[in-house]
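Asker: This is the structure I want to talk about, given as structure tokens.
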Amino acid sequence: MTLQWVGSPNYEKGREGHPPTDIVLHWIGGTLAACDAVFANPNTQVSATYGIENTTEHQYVDVANTSWNAGTHPENVVSVAIEHSADPKRPASVATINTSVNRMVTLIKTIPTLSVDRIYPHNRFFNTMCPGTLPIGVMIDRVRAILNGPNPNPPNHPPYPGLLQLGSIGPGVHNLQQELAWKFGYHIAIDGMFGTNTQA
């Protein structure tokens, strides 16, 4: 994982006395390079705290300051925003999801006012398609699992996870990969991450 400071002129210094309490998840609707260009332009009047593409992270605004991400000022002053490289025809990659989960775990461990129970999609605060196909429920479950440590009594049969597709993560994907490998002889990693090999 590589974190690089890129910076954006689009922010408010400080948080008007509010601590950060929320993590707001977005999708870029393009690539990280496109995100960099938008946030570098002062005329766009938008930014985020972080942008992620695979294992690369860019930071645009310090967590002590207010990024212009949520579409409402009250939410901006209490949120840390994470943008994800994805668009309507390209879901976020497994690596992008993993990097984001690790970033959220680090944020929650280092900022006591943040919580796994306050991770939200952008469209909770603003009428938008964002964050699109981002598997937020799965991501929150993974953050919670890492923060809580391993479950000493995992269930024998995880509940049906819903539609599995490129970018899906979790026990449902793990079960699918086991079936593909053990019953049908496909040579794929059984890692719980629905990547291009599982799709093929």
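Asker: Among the numbered criteria (1) within 30 Å of Thr196 (Cα to Cα); (2) within 16 Å of the chain's Cα centre (by Cα); (3) modelled with pLDDT under 95, which one does Arg124 miss?
Answerer: Condition not satisfied by Arg124: (1).
Asker: Scan the range 87-94 and tell me whether some residue there is over 17 Å from the mean Cα position of the chain (by Cα), of a type outside the set (Gly, Ala, Ser) and at pLDDT below 90.
Answerer: Narrowing the range 87-94 to residues over 17 Å from the mean Cα position of the chain (by Cα): 89.
When the remaining residues are screened for being of a type outside the set (Gly, Ala, Ser), the result is 89.
After this cut, where a residue has to be at pLDDT below 90 as well, the list is 89.
Within the range 87-94 (the criterion being over 17 Å from the mean Cα position of the chain (by Cα), of a type outside the set (Gly, Ala, Ser) and at pLDDT below 90), the answer is yes, since at least one residue qualifies.
Asker: Any residue in the range 1-26 that is more than 20 Å from Gly71 (Cα to Cα) sitting within a Cβ distance under 6 Å of a residue that is surrounded by 13 or more Cβ atoms within 10 Å (Cβ to Cβ) and β-branched (Val, Ile, Thr)? List the pairs, counting only those 6 or more apart or interchain.
Answerer: The qualifying pairs are Met1/Thr55; Met1/Thr99; Thr2/Thr56.
Asker: Considering (1) modelled with pLDDT of 80 or more; (2) open to solvent by less than 60 Å² (accessible area, probe 1.4 Å), say which one Asp141 fails and leave the rest.
Answerer: Condition not satisfied by Asp141: (2).
Asker: Sticking with this one: Go through (1) outside any helix (DSSP H, G or I); (2) out of contact with any Phe, Trp or Tyr (no Cβ under 6 Å at 6 or more places or on another chain) and name the single condition Gly132 misses.
Answerer: Only one criterion is unmet by Gly132, namely (2).
Asker: If you don't mind, there's one more thing I want to ask. Can you tell me how many residues within the range 63-109 are under 20 Å from Ser8 (Cβ atoms) and without any contact (Cβ under 8 Å) to a residue 40 or more places away in the chain?
Answerer: Count: 1.
Asker: Right, here's the next one. Just checking: which of the strands (runs of 3 or more DSSP E) contained wholly in the range 1-119 hold 1 or more residues that are open to solvent by less than 60 Å² (accessible area, probe 1.4 Å)?
Answerer: The qualifying strands (runs of 3 or more DSSP E) are 22-27, 50-53, 56-59, 79-84.
The values are calculated or read from the model by the stated rules, or taken from the named source; none is laboratory data. Everything quoted here is computed from the prediction, not taken from an experiment. Here Cβ is always computed from backbone atoms with ideal geometry, including for glycine, and neighbour counts include all displayed protein chains. The accessibility values were calculated without ligands, DNA or RNA, using every heavy atom of the protein model including side chains. Shrake-Rupley method; radii C 1.70, N 1.55, O 1.52, S 1.80 Å.
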